[in-house]
Structures are given as C-alpha cells and as structure tokens.
1. Can you sort His409, His32, His284 by solvent-accessible area, 1.4 Å probe, largest first?
2. Would you mind telling me which residue in Leu223, Leu352, Leu170 has the biggest mean-square fluctuation in a Gaussian network model of the chain, where springs connect alpha carbons within a distance under 10 angstrom?
3. Which whole-number value in Å³ per residue fits the convex hull of the alpha carbons of the chain?
4. Scaled to the compact-protein estimate 2.2 N^0.38 Å, what is the alpha-carbon radius of gyration of segment 237-393, rounded to two decimal places?
5. Carbon-plus-sulfur fraction of the accessible area of the chain, 1.4 Å probe, in percent?
6. Starting at the first residue of segment 292-309, write each ³J(HN,Hα) from the Karplus equation 6.51 cos²θ - 1.76 cosθ + 1.60 with θ = phi - 60°, in whole Hz, x for Gly and Pro.
7. Accessible area per residue, 1.4 Å probe, Å², for the chain: what's the number?
8. How would Arg38, Arg361 line up by accessible area, probe 1.4 Å, largest first?
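The values are calculated or read from the model by the stated rules, or taken from the named source; none is laboratory data. Note that the structure is predicted; figures quoted are calculated from it, not measured. When we count neighbours, we look across all protein chains shown, and the Cβ atoms used for this are built from the backbone with ideal geometry, even at glycine. These area figures cover heavy atoms from the full protein model, side chains too; ligands, DNA and RNA do not enter into them. Shrake-Rupley method; radii C 1.70, N 1.55, O 1.52, S 1.80 Å.
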Amino acid sequence: MEFKNVFVILFIAGAALQFLLTHLLEFIDWKHRKVHGRKIPSELSGHIDQETLDKTCRYEDAKYCFWIPKNLLSFSLSLVLLFSGFYPFVFESLWNWCGRSFVTFFLFILIASIPGVVLEIPFDLYKEFRLEKKFGFSTMTLKLWILDQIKGLLVSLAISGALLFVLVFLVEHCPSWWWILLASVYTVFSLALSIIYPMFIAPLFNKFTPLEQGELRTRLENLLSKCGFKSNGLFVMDASKRSKHSNAYFTGFGKSKRVVLYDTLVAQLSPEEIESVLGHELGHYKHHHILKRMIIMIPAIFALLFAVNLFINHVSLYSGFGFDVSQGVLPHMKPLGLFFLLMIFEGFTVLLSPVTNYFSRRDEFQADAFAKKVCGTGEHLSTALIKLNKENLSEITPPKIYSLFYYSHPPLLERIRAVKD
C-alpha cells in the first residue's frame, strides 16, 4: 500500500468525508428531534396526537442507535480490506488459478463482496425481526426472508454477470472505444430492464392482483383516462406479507407500464385520498420528470466512463493498492480500474446529494400541484400525506441541513403548506 499515492489519498479523503459528514448529520438530526420532535405543529392539530409523535421519536432514535455500530463496522471493514492487501491477493490468486479474464473478474467481484454481506446479515436480521417488529411494521417470516435473499442473489448474479461480461469483453477487444460502447449497452440494458422487471422479476417476490371492481377502481380509471395515461393495468401488491409500510408507484416502460398500489395503502387511505396519490404520480408523468432525468443521466454515464477511460491505464491506480504492475497494466487488470475508481469516488458522492435532492423535491412539488389541479382540491392529498407520514412514523420537522442531504421528497409540513398555497 502506497500512502503517498494520489489515488490512495483520494480514497482515504472520500471515505473520511463521507463517514464524518454522515455522523455529523445524524447527530444533528438526533439533537433536533430531542428538542422539537414532540411538538405538534398547528397545521397538524387534530390529525396527529402526542402518542404518535412519542412513538415516532422512539422509532427514529432506535434506527439511529442501530445505524451507529453498523456504520462504524462497515467503515472499518472497508479500510481493513483495502489496507490488508485483500484485493490484490484475491485477484492474483484467481488469475493464477484460471487465467481467464471474465471468470477472474466475476469471481473477484463475488468474493470481494462476501465480507460486506456477512457483516450485513446480523444487522439486517436485527432490523427486520427486532426493530421493525417492535414498532409494528414487519410481518416478515424467517422463511420468507431467506427466500428473498436467495432470489435476490440469483437475480443480482444474472444481471451483474451479464454486465461484467460485456465490460471485460469490450475493455479487452475495444481498448480505445470500450467506454462509448459500454455506456450505450448500459443505457439500452437499463431501458430493457424497466420492461422486464414488472413482468418477470417483481412477480418473483410479490403477488400482483388486478384491482377489484368498485368505487376505487372507477375513480382511478377515470383519472388515468382524464390524464391520457395508458397503462397495462391497475394492480394491488401484497406488501403486507413483509411490512406494514405503504406506497404506490408506476413501473415499466411503454406498453408494460402498470400502476401498483400496496395493499397496505389501500387499507390505510380512502378512495379519494388514493386518487390524489395517483394524481401525484401522474404529475410526474405529465411533467416528464422521468424523461428529464434520463436526459441528464445518459450523458452523465458517458461522461463518467470517459473519465474512467482516462485513468484506467495509469500504473499508479493499481500499484497504490498493492497490485503487481512490474509488467505494466495488463489487459486483464483494466476492469479493476473501474472497480477501484468507483470505490475511490464513492465517498465524494455525498456532496452531490443536496443538488440531486433539490431537483427531486422540485419535481415533487410540481407533482403535488398537478394532483391538486386534476383532482379539483388539495385537501385529500394533504390528508393522505399526513396519514402516510403517521402510519410510517416519519419525522415531521427534520432539521433543514439534514433534509438537504437526505430528503429526496420535501418534509411533510413543506408539502402541506405548498398544497394549501
């Protein structure tokens, strides 16, 4: 390990920045909650009682106490794996064993992820079967949890394996233009996955039942027709078999688009409130928010891979982390360049959060305004937001600096005030 190496310095700086900043923000949120978390705002008088606020604060405090040791151990593990020479040892052992680029890199990624997964398992189990059950959210069984992990692993291996194969093939056979080709493949693959996911992957984990005939279905179909939104159907997802948290979303692309309501949402809200929630989602569609994000993200992917291409041949990128580069950067090593560059700059992505969250919150305000307009009133949207916030035990008045970094959606009071105005 070369501690004077610029890539190593950047990794340490990014990791330290992310670690310190996230701990500072979580501490600020905790202190703010101690002072303001149990105060009922005037806008919510009659909607939320003191008992709910007390339970919300206990839930958030429990999550904070759970997060601290998990984050400390995860941070320590990342440093140990890097500075112990774990990565060079695994990669060089695999290469000497099989001598095939794709197999070596695929197994390297698989083995390199094992320590983190092993560390995550006890925390995931504690959160699911202790913390979430204590506050009345989790309905998960151990059998279902294990099945989810197995299915998730198989799906992840299939998707990541395909992308890794393309990466290795292009880096070796198209050394000058691999980044353009990979960005193109990734873009097409992402669009294809948005079609495949709702039809083949999501049903592996949940059951999707067509929304039954009645007032709710009639309201939602009329709203979709009014907005000119053609979908592949209205579905209710059996989310309650895992959790009592609720949500609604659009999924798919083109003819595979479908509207999905959690069964918990259907149980918690009135038909008018669910209509307003769907109106909000339609607001994203009518304002082309997803399309606009794609227009930004696609060039960003090309720019990112272009930057990777500039550094992928630098010997110091590999030597700094303990790899043998006495023969230079060999073709089979270059996929590692992408791996390490992503790891190096991951810590700095926290600085992008305020920017991305700003635009996301702006979109949410626009979608709320559209829901108010298309439904004829904002009253039902406001009561729906309050109920969802209450049912999910979400904080009502987080500190502004915390929401700046962590909230992709505006806090509850900001949304209610905007809808009213």
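1. On the way: His409 80, His32 45, His284 25 Å².
Ranked list, largest accessible area first: His409, His32, His284.
2. Maximum among the listed residues: Leu352.
3. Working: hull volume 63.5 nm³, N = 421.
Hull volume over Cα atoms, normalised by residue count, gives 151 Å³.
4. Working: Rg = 22.5 Å, N = 157, 2.2 N^0.38 = 15.0 Å.
Segment 237-393 yields a ratio of 1.50.
5. Details: 14320 of 21870 Å².
Solvent-exposed carbon and sulfur of the chain make up 66 percent of the total.
6. So the Karplus estimates, Gly and Pro as x, are 5, 5, 5, 4, 7, 6, 4, x, 5, 5, 4, 5, 4, 6, 5, 5, 4, 4 Hz.
7. Details: 21870 Å² over 421 residues.
Spelled out: the 1.4 Å probe surface of the chain, per residue, equals 52 Å².
8. Numbers: Arg38 90, Arg361 35 Å².
Ranked list, largest accessible area first: Arg38, Arg361.
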